[in-house]
Amino acid sequence: GSHEPPGQNPAETTVAGATAIPESEVKNGNTPFAVTTDAPVTPIPGAPDCPNPNWSEEITEMAFTSATITVDQGGVALVVECTFAEPTSNGVVDRRDVSCQTF
């Protein structure tokens, strides 16, 4: 069809990213960091939520609902699972809006 279907739910996808933090930037066990993820695969292969093969799904923006942070220092890994109170928008995530659990 020529019109976008109303009320379509966002597709879920997983993306990954990594950044190295030099030891000199860690102060008292803390350091700010930012990670840029790889772009998601788009359009989504097979368009799983589309009603027929003439339609396609394309990711045009992303909001994150969770993150897994893995800190590897000399082969010793710390894994932290975080969930955001609201899906993220562009920019810094306020610490009051995220809850994390260490594994």
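The values are calculated or read from the model by the stated rules, or taken from the named source; none is laboratory data. In this text, all values refer to a predicted model and were calculated from it rather than measured experimentally. No Cβ is skipped: glycine too gets one built from the backbone with ideal geometry, and neighbour counts run over all protein chains shown. All accessible areas refer to the heavy atoms of the entire protein, side chains included, with ligands and DNA or RNA removed. Shrake-Rupley method; radii C 1.70, N 1.55, O 1.52, S 1.80 Å.
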Failed item, numbered, when Ala77 is tested on (1) open to solvent by less than 70 Å² (accessible area, probe 1.4 Å); (2) assigned to a loop (DSSP other than H, G, I, E, B); (3) small (Gly, Ala, Ser):
(2)
Residue, modelled with the highest pLDDT, within segment 9-30, restricted to residues that are loosely packed, with under 10 Cβ neighbours inside 10 Å and in contact with an Asp or Glu (Cβ under 8 Å, 6 or more places away or on another chain)
Ala16
Odd one out for Ile44 among (1) open to solvent by less than 70 Å² (accessible area, probe 1.4 Å); (2) closer than 25 Å to Pro22 by Cβ
(2)
Among residues belonging to segment 80-103 that are hydroxyl-bearing (Ser, Thr, Tyr) and over 13 Å from the mean Cα position of the chain (by Cα), point out the one that is surrounded by the fewest Cβ atoms within 10 Å (Cβ to Cβ).
Thr102
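Can we say Ser56 is surrounded by 10 or more Cβ atoms within 10 Å (Cβ to Cβ), at pLDDT below 85, out of contact with any Phe, Trp or Tyr (no Cβ under 6 Å at 6 or more places or on another chain) and among the hydroxyl-bearing types (Ser, Thr, Tyr)? Don't jump to the end; show me each part of the working.
Values: surrounded by 10 or more Cβ atoms within 10 Å (Cβ to Cβ): yes; at pLDDT below 85: yes; out of contact with any Phe, Trp or Tyr (no Cβ under 6 Å at 6 or more places or on another chain): yes; among the hydroxyl-bearing types (Ser, Thr, Tyr): yes.
It is true that Ser56 is surrounded by 10 or more Cβ atoms within 10 Å (Cβ to Cβ), at pLDDT below 85, out of contact with any Phe, Trp or Tyr (no Cβ under 6 Å at 6 or more places or on another chain) and among the hydroxyl-bearing types (Ser, Thr, Tyr).
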